[in-house]
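S.K.: Structure incoming, see below.
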Ligand code: NDP
Ligand code: GDR
């Protein structure tokens, strides 16, 4: 039985990758951080009691900022594959916590690679690094592929640039099987609530059910290549199953703006919108209500559904990203399965269920969580 170690196993991609590797018959080990509250929500459905003798999913305490911990965990597990998904992954937050982001995202990757080398496992372990389309930042050509030059635009992207190159260096210097997946944005119903896709689908679902009034966002014109996380973790695994290690762009090749994302999510709920005003005073006004939104009766024509809040603008923005994944199509046989419309539909439907649960809780007098950052 193959053994995999996943850092960031409690995150969005971690959840989908754990599920995928379990179906492939792996023994899957994950690293989770110590927190004062339970932080394993996304993988709780996979939890196996530690007293079960035949466990195939095991979580270990650890942190990418703690080298001795990483060495001990890897020594104990002796994995065949290591997927480094752990990171402070929020671009806007990286401007507020640049040093921590560099420590976890850049040096954390180095610590993991060194742990493998110190233990003499560099010939046995296959290593996946979660690299990102944020490396392209201020884009130098369109669409972006493995040859496009990098131009990072945030502390997050600068840290991930180090992680990218140290992965390439360990491959070249020590002959390690190490790959960078340069993944463009990928989302799902378990996406963190403060990334724009989930913020929109969750926010609009909660407004539809009367739990909230108005959604505040930043740059409406930012354009991204959005895919589904379930498709993208399969590419991560495929990269580690080849004869020769290499770096791959993973993307859909289709681009949408934040504005279009809002319109699409509203449409799923039966809400038509009109944009009025300019710049930071621009607002989305409801022009017609049908479907789910009409059934629930909380949204009327003329309501302002979305406003701009400049606090969500970034000091340096990545305006546009569009990926060319033809190398992955060709060499890995990988292609995305979920379309943009299907992705938004799935996220809105799931967020309506969460919101419905909160409506029931409130009706029974229980407190619910109301954060909309
Ligand atoms: P998430 O933010 O959902 O998950 C990040 C994971 O990393 C969580 O499990 C988190 O733990 C863990 N983590 C954070 N800091 C540390 C640390 N210091 N030590 C150990 N674990 C830590 O990210 P995604 O699942 O969306 O992304 C996975 C990876 O892919 C990240 O590296 C991200 O930067 C990268 N990426 C993501 C893309 C996307 O569109 N989703 C695109 C390209 C790259 P906890 O749950 O305790 O917070
Ligand atoms: P990104 O994702 O920065 O691309 O990083 P995010 O969803 O945060 O932003 C996408 C774009 O939307 C604009 N935007 C807003 N973003 C947020 N979060 N909140 C808002 O209110 C808002 N309004 C507009 C942003 O300015 C940006 O242009 C994600 C992360 O998963 C990274 O870890 C990963 O590496 C990249 O995707 C690829």
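Read-outs throughout are calculated quantities, based only on the coordinates presented, and are distinct from any laboratory measurement. Just so we're clear, the structure is a prediction, and the values are computed from it rather than from any experiment. Cβ: placed from backbone, ideal geometry, glycine included. Neighbour counts: every protein chain shown.
S.K.: If you wrap a convex hull around the Cα atoms of the stretch 230-373, how much volume per residue is inside, in Å³? Mind dumping the intermediate values first?
M.R.: Working: hull volume 24.2 nm³, N = 144.
Each residue corresponds to 168 Å³ of Cα convex hull volume.
S.K.: Exposure proxy check: 197, 167 ranked by fewest other beta carbons within 10 Å? Could you put the intermediate results ahead of the total?
M.R.: Values: 197 21, 167 26.
With the sparsest Cβ surroundings first, the list reads 197, 167.
S.K.: For helix 340-363, report the angle its Cα long axis makes with the longest principal axis of the Cα atoms of the chain; keep it between 0 and 90° and round to the nearest 10°.
M.R.: Its long axis makes an angle of about 70 degrees.
S.K.: Computed from the mean reciprocal separation of all distinct C-alpha pairs, what Kirkwood hydrodynamic radius does the stretch 94-212 have, in Å?
M.R.: On the way: mean 1/r = 0.0614 Å⁻¹.
So the Kirkwood estimate lands at 16.3 Å.
S.K.: Next up: Would you mind giving the average projected area, over all directions, of the Cα convex hull of the stretch 3-183 in nm² with one decimal?
M.R.: On the way: hull surface 44.3 nm².
Projected over every direction and averaged, the Cα hull of the stretch 3-183 covers 11.1 nm².
S.K.: What is the Cα centroid distance between the stretch 164-179 and the stretch 96-126, reported in whole angstrom?
M.R.: Rounded to whole Å, the Cα centres lie 12 Å apart.
S.K.: Quick one: 116, 196, fewest Cβ neighbours within 10 Å first, how do they rank? Provide the component values of the computation, followed by the final result.
M.R.: Values: 116 26, 196 21.
The order, fewest Cβ neighbours first, is 196, 116.
S.K.: Would you work out if the stretch 135-187 is rounded, prolate or oblate? Take a ≥ b ≥ c from the square roots of the eigenvalues of the alpha-carbon gyration tensor; rounded if a/c is under 1.5, else prolate when a/b is larger than b/c, oblate otherwise. Let's see the in-between values first.
M.R.: Working: a/c = 1.88, a/b = 1.69, b/c = 1.11.
Because a/c hits 1.5 or more and a/b exceeds b/c, the stretch 135-187 counts as prolate.
S.K.: Would you mind ranking 353, 138, 3 by Cβ crowding within 10 Å, fewest neighbours first? Could you put the intermediate results ahead of the total?
M.R.: On the way: 353 10, 138 13, 3 18.
Ascending Cβ contact count within 10 Å gives the list 353, 138, 3.
S.K.: On to the next question. Considering the zone a paramagnetic label at residue 52 would reach in this model (a point 7 Å from Cα along the Cα-to-Cβ line), which residues of the stretch 232-274 have amide N under 17 Å from it?
M.R.: none
S.K.: Still on this structure, I have one more. So, in Å, what gap is there between the alpha-carbon centers of the stretch 32-78 and the stretch 240-318?
M.R.: 35 Å
S.K.: Now, a different point. If you take every DSSP beta bridge fully contained in the chain, what fraction is antiparallel? Give it as a percent rounded to 5.
M.R.: Details: 11 of 46 bridges.
The answer is about 25 percent antiparallel.
S.K.: I need the per residue convex hull volume for the stretch 109-170, using only the alpha carbons, in cubic angstrom as a whole number. Write out the running numbers ahead of the final one.
M.R.: Numbers: hull volume 4.9 nm³, N = 62.
Hull volume normalised by residue count: 79 Å³.
S.K.: Sticking with this one: Over all directions, how big on average is the projection of the convex hull of the alpha-carbon atoms in the chain, in square nanometres? Working shown, then result.
M.R.: On the way: hull surface 77.1 nm².
For the Cα atoms of the chain, the hull's average projected area reads 19.3 nm².
S.K.: Stick to the Cα atoms of the stretch 167-267, pair each with every other, and give me the Kirkwood hydrodynamic radius in Å at one decimal.
M.R.: Across the stretch 167-267, the inverse of the average 1/r is 15.8 Å.
S.K.: If you don't mind, another one. Two decimals is fine: what's Rg over Rh for the stretch 269-316, C-alpha atoms, Kirkwood radius as Rh? Working shown, then result.
M.R.: Values: Rg = 13.1 Å, Rh = 11.8 Å.
Value, to two decimals: 1.11.
S.K.: Then there's this: Would you please report the Å³ per residue occupied by the convex hull of the alpha carbon atoms in the stretch 279-344?
M.R.: On the way: hull volume 10.9 nm³, N = 66.
Expressed per residue, the convex hull around the Cα atoms of the stretch 279-344 is 165 Å³.
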